[in-house]
Amino acid sequence: MKKWQKSCLGGLGLLLVASVSLPLFLVGIVFLNALAGHPTKPLTGGYFLLRFEEGNPPNYYVETRNKNAKDIRFENGDAPHIDGGGVFEGTIKEIGWNENWILAWVKRLSNGDPNGWYALNVKTRVISGPIPESELKTNAEFSKIKTLPSEVVFPSRTLDTKKTVLK
């Protein structure tokens, strides 16, 4: 084999490696950017608040990596569609938690489902709600949980939290 043939074959091999490696590299970069674009804040019991920066203002969802996620139920026995809007099936406007409960004001994704306050019992994995505001003040457990707007609990890189007014 002549010297120029070897260099062409070597160049062809390099081109082949680059054509396979470059797409994999680009997929890796896209995947890492996707993770970086959706940061999370730990809550309790394996649940976390996910900030989805694609909207303005960003949307927040309660998600879980808990192996028992399939056991989460609403009081009526329905299971949430966790892949759509998190465990509450909606965006979180205000949130608070302790070791037993995650309390959130949820704007439900389905127009047929009522917006309002929902509570996730971390131990039983049962979601109650919507809960009337009056019950939040009179319920012994809920009344001890301080709630704040999602953007205050977990500020966005693009949001000026100094302009946010707390209740």
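The values are calculated or read from the model by the stated rules, or taken from the named source; none is laboratory data. As the structure is a prediction and not an experimental result, all values here were calculated from the model. Here Cβ is always computed from backbone atoms with ideal geometry, including for glycine, and neighbour counts include all displayed protein chains.
Considering the range 40-54, and only residues there that are over 22 Å from residue 146 (Cβ atoms) and in contact with a Ser or Thr (Cβ under 9 Å, 6 or more places away or on another chain), the residue that is modelled with the lowest pLDDT turns out to be 53. Taken over the range 59-70, the residue count meeting the criterion of being surrounded by 12 or more Cβ atoms within 10 Å (Cβ to Cβ) and modelled with pLDDT under 85 is 2. Considering the range 112-128, the residues that are touching a residue at least 24 places away in the same chain (Cβ under 8 Å) and part of a strand (DSSP E or B) include one that is farthest from residue 90 (Cα to Cα), namely 126. Here residue 99 fulfils each of the conditions (1) modelled with pLDDT of 90 or more; (2) in a strand (DSSP E or B) apart from (2). Residues of the range 135-155 that are within 24 Å of the chain's Cα centre (by Cα) and touching a residue at least 24 places away in the same chain (Cβ under 8 Å): 142, 145, 146, 147, 148, 149, 150, 151, 153, 154. Which of the residues that make up the range 102-130 are on the phi < 0 side of the Ramachandran plot and touching a helix residue (DSSP H, G or I) at 6+ places or on another chain (Cβ under 7 Å)? 103, 109, 117, 119, listed by residue number.
If you filter the range 142-158 down to residues that are more than 15 Å from residue 40 (Cβ to Cβ) and of a type in the set (Ser, Thr, Tyr), you find that the one that is modelled with the lowest pLDDT is 158. When the range 83-109 is limited to residues that are out of contact with any strand residue (DSSP E or B) (no Cβ under 8 Å at 6 or more places or on another chain) and without any contact (Cβ under 8 Å) to a residue 40 or more places away in the chain, the one that is surrounded by the fewest Cβ atoms within 10 Å (Cβ to Cβ) turns out to be 83.
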